[in-house]
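Each reported figure results from applying straightforward, stated rules to the coordinates on display, with no laboratory input. All values reported here derive from a predicted model rather than from experimental measurement. We place every Cβ from the backbone using ideal geometry, glycine too, and count neighbours over all the protein chains shown.
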Amino acid sequence: MTPVDASLNSLFVGDHLALDLLNTQMMVEGQKRDTLTNDEDAARWLEHVGLGPAADLTGLEDGRLVAQLRSLRDSIDTLVAARRENLPADPSALNVFLRPAVPQLLWEGTGAPVLERFHQADGVARRLSQIAFAAAQLLAEGDVQLLRKCESVDCSLMFYDRTKSHKRRWCSMALCGNRHKVAEFRKRRAQGAVTPQA
Ligand SMILES: [Zn+2]
């Protein structure tokens, strides 16, 4: 199996910002793995999902960024799990991340005005509130039937099924989908359903 480090990209399978954050923590061959281990990881991840350059997040208090991102992840994790089980949950931890940002109309010079939906001077708070908003929207307005975990028993990756048929089963074909196909083929062959060409 390819080590997870090989490509951070392979983990962006959630098709949703909040789920991609959950997917930074995963089960790999029975072991829990976390790709957010320090501020640099966190800054790189935020840049990768389009929330602004990692370079803008230097010079922060050591460990603050990764700690906050992980704490946001924990709160989303709890709420998503509850939503999928149809259980009640307390959203106050997520609401803390939503609170700092407010919409603001910016108008500089003679250029067109810009609507900044998540206006907040603190770059960390702004980024985290955007993820929190995406998570809140998913929880409140998303279709819970489409909020799923990869069907592979030893894979914990989550995704929002945006396929037309809504029959997505795997985190990705390259990871679990192909492994399943190979296993199914072997099973059918063992049962004699597939006759090798003589
Ligand atoms: Zn999978």
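Values for this structure:
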{"item": "Distance in nm between pseudo-label sites at A121 and V49 (7 Å out along the Cβ direction from Cα)", "result": "2.6"}
{"item": "Nearest-ten-degree value, helix 178-190 long axis tilted from longest Cα axis of the chain", "result": "10"}
{"item": "Helix-only [θ]222 nm of the chain, DSSP H runs n ≥ 4, -39500 (n - 2.57) each, per residue, nearest 500", "result": "-12500 deg cm²/dmol"}
{"item": "The chain: angle of helix 39-48 to the longest principal axis, Cα-based, in degrees nearest 10", "result": "80"}
{"item": "Cα-based reach from K167 at 16 Å (exclusive), listing aspartates and glutamates while leaving out same-chain residues under 8 positions away", "result": "D15, D143, E151"}
{"item": "Length released on extending from V144 to A82, taking residue separation times 0.36 nm less the Cα-Cα span", "result": "21.2 nm"}
{"item": "Under 24 Å from K32, Cα to Cα: lysines that are on another chain or at least 8 residues apart", "result": "K149"}
{"item": "Taking H166, H119 and counting other C-beta atoms within 10 Å, the order from fewest to most", "result": "H166, H119"}
{"item": "Chymotrypsin sites (Phe, Trp or Tyr not before Pro) restricted to region 141-191 and DSSP loop, no more than 15 other C-beta within 10 Å", "result": "none"}
{"item": "Cα→Cβ-extended label distance, 7 Å offset, between T163 and N178, nm", "result": "1.7"}
{"item": "Q31 paired with Q104, simple spin-label distance in nm, labels 7 Å along Cα-to-beta-carbon", "result": "4.5"}
{"item": "Computed over the chain, Cα set: Rg, Dmax in Å", "result": "20.1, 77"}
{"item": "C-alpha long axis of helix 64-85 to longest principal axis of the chain, angle in °", "result": "50"}
